[in-house]
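Right, one structure below, let's go through it.
The values are calculated or read from the model by the stated rules, or taken from the named source; none is laboratory data. The structure presented is a predicted model; accordingly, all values stated were derived computationally and were not measured. Positions of Cβ are generated from backbone atoms using ideal geometry, with glycine treated the same way; all protein chains shown enter the neighbour counts. Side chains are part of the model used for accessible areas, which takes the heavy atoms of the whole protein and leaves out ligands, DNA and RNA. Shrake-Rupley method; radii C 1.70, N 1.55, O 1.52, S 1.80 Å.
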Amino acid sequence: MKTQVDIAVVGAGIVGIACAYSLALSERRPKVALIDPLAPMSLTSAASGENYRNWWPHPVMTAFTDYSIDLMEAVARESDNRLHITRRGYALATRQADPESLLRQLHEGYGPQGAAKIRVHKAGSPSTYRPAESADWQTAPDGVDVIQDRRLIERCFPSFDREVATVLHIRRAGDISGQQLGSHMLERIRACGGRVIQGRVTAIERTTAFDLTVKGEEASSSVRADVLVDAAGPSVGEVAALLGETLPVTNVFQQKIAFEDVQGVVDRRMPFAIDLDRQLIDWTDEERTLLTDDPATKWLAEPMPGAIHCRPDGGEHGRWIKLGWAYNRQPSSPTADLPTDANFPEIMLRGASRLNPGLRAYYGHLPSRLSHYGGYYTMTRENWPLIGPMATKGAFVAGALSGYGTMGACATGALVAAWVLGEKLPDFARPLSLVRYDDKALMQGLLAATNTGVL
Ligand SMILES: Cc1cc2nc3c(=O)[nH]c(=O)nc-3n(C[C@H](O)[C@H](O)[C@H](O)COP(=O)(O)OP(=O)(O)OC[C@H]3O[C@@H](n4cnc5c(N)ncnc54)[C@H](O)[C@@H]3O)c2cc1C
């Protein structure tokens, strides 16, 4: 059986779906097929914390996510907020009273307009700071509040560690339902004649078009397409290899937990809260000795990286909280059987209790209603995505979206559509494509950066 389409998108995660959406809805209405052996949105996209932010250490990434948030907000407007977009912001906490390099990165990340967007609240100054009282994305402020007034921090973030001396409150940030966004886009794709073909692409032949061998559960079929989009998530490199290409990507496994905050220790109005500081996990002396004595666990008694995060999930009247800590730095080959670590929930809890000490109430007895899951951050060394043409004519890549693919999907889809259809591209599009590797100065700067925005 041979199916003929204009564009084949390999992978039906949030990124592939967003590409198919922008292409299928474009003026020329091309015939688009998404190909995936799994149910749409069921691999990495199902593990996402579903948070979004326009806070990055480089203005290209800020512009990219700002564009994506614009597009998500447009979907929210046209769908009566079906994607449940909220905007209480990100609260980045540190015990440093004057976090010089953090503030420098903040200014660099927001580029020339940065100064106008950043409001500093020091002790003794009449404060104009507005706490995140509401989750409404339409009335939330923009820009960033830098709070360096301990009293104000205590009043507005009562659950935080009393040693916190600075909070950066990023206001264009919050969370969405990625699954709802995916379903909304899939419905629109289908309404435009697009379709999902179940099966794994196992071979690609490039003649006058792309001939794809698609292995279904029972039989193989083939799909012929003029254009190919590789949006295979953790397998983006494998699909590129079917074209004889190598992509500069690795996969790093990361985990999350969510549980019912039965003791109500996390304020339901708390923004997505991130502890930026490195830490020694809060083990007892006995636990620390046991961990140190075993070479396999010794690392848990040593200083751990910052960026541990926690947020309420399910709105003001919900009870669940979501926690994550992307401390793993070791690339590995993705396996269907995910390597979740049974100790992760307790490690996560101990780490998160440093910023929200109320969480100590759960030490040793996490609630039974707990979910522990994970997925791969598919990433480049510089943690920028790969969006644009591949070396093979007619082939495009949409991948390496690391820990920001849910928030970056809409912009990725729109950029891929612009590349495929030959439309005008925004300035930030080229540096996000493979073309950037030819720009030695840019790459040198990116690879020398101490912060690549991994959360
Ligand atoms: C723990 C965790 C937390 C995260 N938190 C956030 C967050 O808070 N905010 C955020 O924005 N992002 C977050 N992310 C990142 C985000 O989830 C990913 O960047 C995004 O889901 C990637 O989407 P994708 O479509 O590229 O990949 P996937 O969802 O993995 O989809 C790829 C699809 O390709 C298919 N495929 C692979 N090979 C083939 C083949 N040969 N033929 C056909 N199909 C194939 C797979 O079956 C799969 O369905 C998080 C990720 C993880 C792991």
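Taking the criterion of being closer than 26 Å to residue 446 by Cα, touching a residue at least 24 places away in the same chain (Cβ under 8 Å) and within 13 Å of the ligand (Cβ to nearest atom), would at least one residue in segment 89-99 satisfy it?
The answer is yes; a qualifying residue exists.
Given segment 195-307, what strands (runs of 3 or more DSSP E) lie entirely inside it while holding 3 or more residues that are within 30 Å of residue 451 (Cα to Cα) and in contact with a Ser or Thr (Cβ under 7 Å, 6 or more places away or on another chain)?
On the way: elements: 195-198, 200-206, 210-215, 220-230, 250-260, 272-275.
In segment 195-307, 250-260 are the strands (runs of 3 or more DSSP E) which contain 3 or more residues that are within 30 Å of residue 451 (Cα to Cα) and in contact with a Ser or Thr (Cβ under 7 Å, 6 or more places away or on another chain).
Just checking, how many residues over segment 399-455 are open to solvent by 40 Å² or more (accessible area, probe 1.4 Å), modelled with pLDDT of 95 or more, outside any helix (DSSP H, G or I) and not small (Gly, Ala, Ser)?
So the count comes out to 5.
Restricting attention to segment 268-284, and to residues there that are within 19 Å of residue 344 (Cβ to Cβ) and of a type in the set (D, E, K, R), which single residue is least open to solvent (accessible area, probe 1.4 Å)?
Step by step, filter segment 268-284, then rank; the result is 275.
What is the residue count in segment 72-89 for residues that are under 16 Å from the mean Cα position of the chain (by Cα) and open to solvent by 30 Å² or more (accessible area, probe 1.4 Å)?
Of the residues in segment 72-89, 1 are under 16 Å from the mean Cα position of the chain (by Cα) and open to solvent by 30 Å² or more (accessible area, probe 1.4 Å).
Quick one: in segment 1-60, which of the residues that are of a type in the set (Val, Ile, Thr) and within 12 Å of the ligand (Cβ to nearest atom) is most open to solvent (accessible area, probe 1.4 Å)? Full working, then the answer.
Applying the first criterion (of a type in the set (Val, Ile, Thr)) to segment 1-60 yields 3, 5, 7, 9-10, 14-15, 17, 32, 35, 44, 60.
Okay, now just the ones that are also within 12 Å of the ligand (Cβ to nearest atom), so 9-10, 14-15, 17, 35, 44.
Details: 9: 0, 10: 9, 14: 7, 15: 21, 17: 0, 35: 3, 44: 47 Å².
In this case the residue turns out to be 44.
With respect to residue 374, is the statement that it is buried (at least 23 other Cβ atoms within 10 Å of the Cβ), under 30 Å from residue 319 (Cβ atoms) and within 12 Å of the ligand (Cβ to nearest atom) true? Full working, then the answer.
Working: buried (at least 23 other Cβ atoms within 10 Å of the Cβ): no; under 30 Å from residue 319 (Cβ atoms): yes; within 12 Å of the ligand (Cβ to nearest atom): yes.
Considered against the rule, which asks whether it is buried (at least 23 other Cβ atoms within 10 Å of the Cβ), under 30 Å from residue 319 (Cβ atoms) and within 12 Å of the ligand (Cβ to nearest atom), residue 374 comes out as no.
Answer with yes or no whether residue 294 is farther than 18 Å from residue 343 by Cα and open to solvent by less than 70 Å² (accessible area, probe 1.4 Å).
Working: farther than 18 Å from residue 343 by Cα: no; open to solvent by less than 70 Å² (accessible area, probe 1.4 Å): yes.
Answer is no for this residue.
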